[in-house]
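All remarks here apply to the structure that follows.
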Amino acid sequence: MTPTPQTRDLVGRTILVTGANAGIGYWCAELLAARGARVLLGCRSPERASVAERSIRAHVEGADIGILSLDLGSSASIAEAAASVGDTLHGVICNAGVKSAHRGERTADGHDLMIGTNALGHFALLAQLAPTLSPDARVVAVGSIAHRFARIAPATLDEPWTGSSLSQYGRSKAALMAIAFELDRRWRGTARSALCAHPGYAVDPLTPARDGLAPVSPLVRGLAALTGGLVQGKDAGAAPIVHAATSTDATGGDYWGPGGLLEFRGAPRRVRASDEVRSREVGAALWAAAEELAGVRFPI
């Protein structure tokens, strides 16, 4: 799904993508730049961010790219990043995340690594970006199929985790999604909106090659082609997220994903989120817990 010439319908719009130096985040950034958006790459590593910027510029003529130094596991980094954005933001794609962690790993602020980075870090970032968001700003939380098997438990959100790394990942994504749905409820009556989206089952061997990003051997690409009917590349996985962030038929409270079997691959369509992440009670309790744990207030 390499970008092709199309209407530059996002000229004049500025969108921040966290974790934009690799994977789904990179492809969201390239797809948005191809449509004329100014894209801010929110990345922890300046070196990897520069590699991503060069790649986007090499594949998108006239790409408008900026780099925002951002470590979602550090409250100091989040505050500095939010204060230095400068641009009015028309969209934020909350994509960055830790996908695996050893039991007991913590962020720079002492929180569980996955909960602290994937959920609390994005909550704190959005709270401090609030003054820079346009009146029609749209926030997209990148969720996961794994959220359906998770329980959030706001009261014990930051307690030491004793389960598997995969289970905690699903829980952190469920928490991020619940935050987005709660944000949308609090924005009701305004032109702002918050949505969720997921990339399906997206893999590097089916993704177009980009210099400096996840090299894949020709042999592995050839073998992966046999799975093309079941899974997809990360460029295609970014499509539901970009759709949620930009399409006129995507509205607040939506959840978008691939429309194929098991939501592993396919064109973007609305899909079902779990009852827990949509629960008003869970959302309100999680919001209060996030404010306390992150040490910020989200003025709405």
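Brief remarks on what is shown
- Test result for R272, assigned to a loop (DSSP other than H, G, I, E, B), touching a Gly at 6+ places or on another chain (Cβ under 6 Å) and not aliphatic (A, V, I, L, M): no
- Complete set of residues in the range 86-120 that are out of contact with any Pro (no Cβ under 8 Å at 6 or more places or on another chain), more than 24 Å from I15 (Cβ to Cβ) and in a strand (DSSP E or B): R106
- Residue match in the range 136-148 (condition: closer than 23 Å to L32 by Cβ, touching a residue at least 40 places away in the same chain (Cβ under 8 Å), touching a strand residue (DSSP E or B) at 6+ places or on another chain (Cβ under 7 Å) and among the polar types (S, T, N, Q)): no
- Among the residues of the range 85-113, those identified as under 30 Å from S247 (Cα atoms) and of a type in the set (A, V, I, L, M) are V85, L89, V92, I93, A96, V98.
- Residue selected from the range 39-66 under the condition free of Cβ contacts under 8 Å to residues at least 24 places away in the same chain and in a helix (DSSP H, G or I), by the criterion farthest from T117 (Cα to Cα): R57
- Looking across the range 243-300, the residues that are of a type in the set (D, E) and on the phi < 0 side of the Ramachandran plot come down to D249, D254, D275, E276, E281, E291, E292.
- Matching residues, the range 121-145, being assigned to a helix (DSSP H, G or I), surrounded by 18 or more Cβ atoms within 10 Å (Cβ to Cβ) and either in contact with a His (Cβ under 7 Å, 6 or more places away or on another chain) or hydrophobic (A, V, I, L, M, F, W, C) (or both): F123, A124, L125, L126, A127, L129, I145
- Selection over the range 67-85 of residues that are part of a helix (DSSP H, G or I) and more than 17 Å from the chain's Cα centre (by Cα) gives a count of 7.
- Selected residue (only one of E276, E292, E281 is touching a helix residue (DSSP H, G or I) at 6+ places or on another chain (Cβ under 8 Å) and acidic (D, E)): E276
- Test: residue in the range 155-169 that is exposed (fewer than 15 other Cβ atoms within 10 Å of the Cβ), without any contact (Cβ under 8 Å) to a residue 12 or more places away in the chain, part of a helix (DSSP H, G or I) and more than 16 Å from the chain's Cα centre (by Cα): yes
- Residue list for the range 248-269, filter: surrounded by 15 or more Cβ atoms within 10 Å (Cβ to Cβ) and either in a loop (DSSP other than H, G, I, E, B) or among the β-branched types (V, I, T) (or both): A250, G252, G253, D254, G259, G260, F264, R265, G266
Read the figures in this text as sums done on the coordinates, not as results from a lab. The shown structure was predicted, so the numbers you read here are calculated from the model rather than taken from an experiment. Positions of Cβ are generated from backbone atoms using ideal geometry, with glycine treated the same way; all protein chains shown enter the neighbour counts.
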